[in-house]
Amino acid sequence: MAKAGDLKTGNIIRFNGELVTIDELIHRTPGKGGAFYTGKMRNIRSGRIIELRMRTDEEVEICRVETNDYQYLYPEGDYFVVMDNNSYEQFSVEKALFGDAARFLKEGMNVIVSFESDEPILAKAPNNVELEIVYTEPAVKGDTSTNALKNATVETGIEIKVPLFVNQGDRVRVDTATGAYIERVK
C-alpha cells in the first residue's frame, strides 16, 4: 500500500473496489488543520468523474498496469481477439473497451491494450485508419457547391461522409474517434 502523498496524475488506483485513473491532483495546505489532496478521478469502466479528497497519510492501492501493442486478429461475439506481437499469445478483449473506434478496426491492425493482473482494462485503436471505399454514388455534374459531401461505405461496412471527388475503390483516411473523413490516400 502506498500513501496518498505518493500519487501522481495518471496513476491508476483501486478506489472503493473500482479502478480509477487520477486526472487531476492538487496538494492543499490550509492555514488551520493538516494538509490534504483534492482532485478528480475517472472511473475506467464507466468514465464517470469522481471528486477526490484525501489526507496525505491515507493509504491507497496503486495498481500495476502493463500497456503493450497488440495485433487485432478477428471478432468473436462481444470480444475482439488480439495477439501479443512479441510472445504470440492471444487474448480476448471486450469490444466495449474500444468504444466507437471498434467500428473501424480491421484484421491485422495494431492496437494498444492495458492489462491489470491479466484483465484488460483499457483498449485504444489507432487515431486514424486507412480504409477502402467499397460503394459510393457517383458525383452528379453541377453538384459542386462548397464542401458538398456524399455517403460512402468503407470496407468495414460503416457509412461515412466523403467529398464528391472520392470514388469507389479509393482509399481514405478516417478519424476513428469521430468517424470523419480526413483525406484521400494516394
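Numerical summary
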item	result
Matching option when the condition is within 30 Å of Glu89 (Cβ to Cβ), assigned to a strand (DSSP E or B), over 20 Å from the mean Cα position of the chain (by Cα) and modelled with pLDDT of 90 or more, among Glu51, Glu61	Glu61
Failed item in (1) surrounded by 14 or more Cβ atoms within 10 Å (Cβ to Cβ); (2) modelled with pLDDT under 90, with Pro120 passing the rest	(2)
Meets criteria (closer than 30 Å to Lys106 by Cα and surrounded by 12 or more Cβ atoms within 10 Å (Cβ to Cβ)) for Phe36	no
Verdict on Gly169 being part of a loop (DSSP other than H, G, I, E, B) and farther than 29 Å from Met83 by Cα	yes
Top-ranked residue of the range 123-138 - restricted to ones that are assigned to a strand (DSSP E or B) and among the aliphatic types (A, V, I, L, M), ranked as surrounded by the fewest Cβ atoms within 10 Å (Cβ to Cβ)	Val134
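Residues are listed down the side, and each one gets a yes or a no for (1) part of a loop (DSSP other than H, G, I, E, B); (2) surrounded by fewer than 13 Cβ atoms within 10 Å (Cβ to Cβ); (3) in the same structural domain as Arg42 (by TED's automatic domain parsing):
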{"residue": "Tyr72", "(1), (2), (3)": "no, no, no"}
{"residue": "Ser87", "(1), (2), (3)": "yes, yes, no"}
{"residue": "Phe91", "(1), (2), (3)": "no, no, no"}
{"residue": "Asp100", "(1), (2), (3)": "no, yes, no"}
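The values are calculated or read from the model by the stated rules, or taken from the named source; none is laboratory data. All values reported here derive from a predicted model rather than from experimental measurement. Quick reminder, even Gly has a Cβ in these numbers, built from the backbone with ideal geometry, and neighbours come from all protein chains shown.
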